[in-house]
Each structure stands twice: as structure tokens, then as C-alpha cells.
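This report refers to the structure that appears directly beneath it.
The values are calculated or read from the model by the stated rules, or taken from the named source; none is laboratory data. Bear in mind the structure is a predicted one, so any value in this text is a computation, not a measurement. Don't worry about glycine lacking a Cβ; one is built from the backbone with ideal geometry, like all the others, and counts go over all protein chains shown. We work out accessible area using only protein heavy atoms, side chains counted, and drop any ligands, DNA or RNA first. Shrake-Rupley method; radii C 1.70, N 1.55, O 1.52, S 1.80 Å.
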Amino acid sequence: MHRTTRTTAVLLFVAWAVDYIDRQVINLALPSIGDTFGLTHGERGMILSAFFVTYALTQIPGGLIAGRFGGVRVMCLALALWSLFTGLTAIAWSFAALLVFRCLFGVAQGLFPAAALEALSRRSVPEQRLTANGWVQSSNAVGGLLAAVLGGLLLAHWDWRVMFVAVSVLGLVVVVAIRRWMPAPLPAERTGPVLHRGGKGASALLRSPVIWGFAVMFFAYDTVVWGLNSWSASYLMEERGLRVSDAGLVSLGPTLCAAVAAVVGGRLSDRFEGRPRRIVVPAMSAAAVLLVVLPLTTSLGGFVVVGTLISAVIGLCYMPCFSVPLRSLPPDLAGAASGIILFGGQLSGIVVPTLFGHVVDVWSYRLAFWSLALGPVLAIAAVLCLPQTSHRFLARLRAVVGDMHTKEDDSDASTAPHSA
């Protein structure tokens with residue numbers, strides 16, 4: 001990869017890892033928070049979902065803002081704000097106050113993902129973009145592992161309030177690093193196709209069913225991810241007697257596999273020139289079967305092994321949810337397109353944690369885990385309906401916005417014979 005791309009990927013890897021640390025430490029603290037405020041499983045799920053409500057609603061505006069003001073500026077603003085609200089979570093005095101702080105935290109973090117993807121698109125060529133994004137997105141799993149390790153250590157020695165104060169400083173450190181070391185963008189002619197849009201840009205994407213189709217696929221992907229990430233620790237502590245200090249060790253295998261799978265999924269997506277069907281159909285089929293097996297395991301070791309396999313096959317599907325749009329669109333539209341897809345994915349964060357908790361309250365953890373298998377089924381149905389290459393993707397866009405065309409289209413038109 002180009003040196004500019006590598007440096008950008010490293011900085012975004014660190015920033016996204018901190019994103020996931022700040023976001024996921026609450027999963028470990030959830031039993032203690034529940035005890036502090038006397039919460040049911042359903043109310044605990046509401047705490048998790050409160051973040052996703054505002055996080056999801058900020059995705060599309062975040063993409064539009066990044067396209068207008070630049071991804072790097074928006075990223076730094078997001079990092080500073082979410083660090084502030086992470087620290088404020090420590091002073092929550094009631095269930096209602098905790099919900100408010102989590103909502104504000106979600107607004108701040110919701111500005112970040114599309115801005116990060118926009119920044120990387122301006123600093124990478126299309127042929128390497130998914131590979132670079134795969135390396136960056138592997139940070140999600142690493143951040144989750146660090147959240148488990150750091151949160152476990154802090155909770156073993158102090159209470160959950162101290163933990164939130166301790167992790168709140170990380171984002172501010174990353175802001176300084178990005179401002180100091182982020183390289184300048186690559187020349188525009190190297191970063192993607194030139195689209196003549198007749199004045200239409202992000203508004204065209206918002207009206208495009210094909211972009212929303214990729215959002216549906218990401219919704220299905222995140223159904224599994226957030227279901228497992230939000231509740232596996234609570235399940236193992238409540239049902240299998242796991243100590244909170246051991247949560248980081250238990251999550252080591254699944255986390256490493258998810259990180260490697262994200263990189264492999266990005267590399268394969270570049271090699272396949274998009275074509276997400278080649279990855280999503282077999283991987284999601286395997287995930288559906290494994291989700292049925294997961295709660296049937298009779299030992300902690302068995303649960304970890306099956307959970308690790310799920311993390312591996314699901315991780316392969318992350319970059320395919322973005323592969324065709326990111327390869328096809330210029331950087332100035334990458335933020336808007338990513339925001340739409342991310343919005344679809346984060347809707348699952350609103351629905352799944354609370355629904356999972358209510359299923360546990362009414363029925364059982366077993367049925368709650370089984371319900372997550374609906375995610376792979378939906379992902380397969382979505383990918384079978386979507387264009388698999390840039391050529392077909394742009395053709396579908398032109399079906400909605402007739403005057404959107406590429407520079408190459410103009411060249412072809414200028415050399416084509418004219419009828420009399």
C-alpha cells in the first residue's frame with residue numbers, strides 16, 4: 001500500500017480501537033450498574049440501546065458533515081466529545097441520567113465512522129481501499145478485547161464509575177496523534193472515478209434503493225455482532241459463573257479471529273473486485289448453524305470455541321457490506337454512502353440488545369441466542385438482490401438519477417459514431 005494509506009490506516013486503527021473500548025466497557029459493567037440502580041434485564045438492555053438510538057440517527061448526518069467539512073476535522077470533534085461523555089457517565093445518579101449520558105455519547109460517536117471512511121477514501125486508491133479498510137476494521141475486535149481486559153482489571157479493583165473516568169482520557173490522546181501525524185490526501189485523480197452528477201450528490205444516494213440494500217445487509221450483520229457483544233459477558237457471568245476479571249481471557253480467541261477475518265474479508269473483496277455474494281452466502285450460512293449450536297454447549301470451553309467460530313465467519317462479512325459502494329464512488333461521496341450503510345447497521349444496535357434482554361426475561365438465554373440466527377438469513381437474502389460489481393452498481397444508480405455518469409462514459413460518448 002501507498003505510504004499515505006498505511007499511515008492513515010494506522011491512525012484510524014488506533015482511533016477505532018479507542019472507539020470500541022469506550023463503547024464496550026459498559027458491557028462488562030452492566031451487572032454492577034444493574035445492581036447499583038436495581039435494574040431488570042430489560043432495563044439493562046435499554047441502557048445499551050439508548051446509545052444506539054442516537055448513534056444510528058447520527059450516521060447519515062455524520063456522513064454529510066464529513067463530506068462538507070472533511071473527515072479529519074469531524075473525526076477529531078467526535079473523539080473529543082465522546083471522551084467527555086464517557087467521563088460524564090461516571091457521575092450518573094439515576095437510571096434516567098445514565099440513559100441521557102449514553103444518548104449524548106451515541107451522538108458523539110455517531111459522527112466518527114463515516115468521517116473515518118471518508119478520510120481513508122481520500123488517502124487510498126480504489127484497488128487497495130478494501131484491504132486498507134479491512135486492516136482498519138480489524139481494530140473493532142482489538143478494541144473489544146482491550147475493553148474486556150482493561151474493563152476487567154479496573155472493575156476487579158475499583159467500581160464501574162472509576163472505570164469510565166479512566167477510559168475517558170484515551171480519545172483525547174488520539175486527537176493529538178491525528179492532528180500531528182495524519183498525512184495529506186492523495187491527488188484526486190488517483191482516489192476514484194470522477195462522477196458528473198448534474199448538481200446531484202449525496203441526495204441521489206439517499207434516494208437510491210441499492211445503497212439502502214447494502215444498509216439492510218449491514219443491519220443483518222450487526223444483528224449477530226451486537227447480540228453477542230452486548231450479552232455474552234452477562235450470560236457467562238450469570239449462567240456459567242465466569243468472574244469479571246476473566247472476561248478478557250475468554251474473549252481472546254473470538255476477538256483475534258474476528259480481527260484476522262476482517263483483514264481477510266477486505267483482501268478478498270479487493271481480489272473479487274467487490275462481488276460480496278462470494279463471501280456472504282457461505283459465511284452467513286455457517287454462522288446461522290453455529291448460532292443454533294452456541295447455547296446448546298454444556299461447558300464454558302465449548303461456548304468459547306463455538307463463539308470463536310462465529311466471530312471468524314461473521315468477521316469475513318464486514319467489508320463485503322461496503323465493498324461495492326466504496327470501490328465505485330469518489331471520496332466526496334464515500335462519507336454519505338458509508339453513513340447510510342452504517343445507519344442501517346446501527347438500527348440493529350437499537351433493536352437487538354433490548355429485544356435480547358426481554359427474551360431472556362420472558363423465556364431464556366437459549367431462545368435469545370437462537371433468535372440471532374435471523375441476522376444471517378436476512379444477510380443472505382439481501383446480498384442475493386444487490387449488484388456485485390462497480391459497473392452494475394453504477395448502472396443501478398443511473399436508474400434513479402439519469403444524469404449521473406462517469407468520466408469514462410463521457411469519453412465513450414465522444415468517440416461513438418453519431419447517427420444521421
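Assorted remarks:
- Options 34, 62: the member that is touching a helix residue (DSSP H, G or I) at 6+ places or on another chain (Cβ under 6 Å), at pLDDT 85 or above and either part of a helix (DSSP H, G or I) or surrounded by fewer than 22 Cβ atoms within 10 Å (Cβ to Cβ) (or both): 62
- Top-ranked residue in the stretch 269-301 [being more than 18 Å from residue 221 (Cβ to Cβ) and open to solvent by less than 20 Å² (accessible area, probe 1.4 Å); ranked as nearest to the chain's Cα centre (by Cα)]: 270
- Among the criteria (1) modelled with pLDDT under 90; (2) of a type in the set (S, T, N, Q); (3) part of a helix (DSSP H, G or I), the one residue 298 does not fulfil is (3).
For (1) within 21 Å of residue 114 (Cα to Cα); (2) at pLDDT below 85, each residue gets a yes or a no:
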site: 328; (1), (2): yes, yes
site: 351; (1), (2): no, yes
site: 371; (1), (2): no, no
site: 375; (1), (2): no, no
site: 379; (1), (2): no, no
site: 382; (1), (2): no, no
site: 388; (1), (2): no, no
site: 392; (1), (2): no, no
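- Selected residue [among the aliphatic types (A, V, I, L, M), at pLDDT 70 or above and open to solvent by less than 60 Å² (accessible area, probe 1.4 Å)] from 216, 224: 224
- Looking at the stretch 77-164, the helices (runs of 4 or more DSSP H) lying wholly inside it that each contain 2 or more residues that are at pLDDT below 85, open to solvent by 50 Å² or more (accessible area, probe 1.4 Å) and farther than 17 Å from residue 178 by Cα sit at 126-157.
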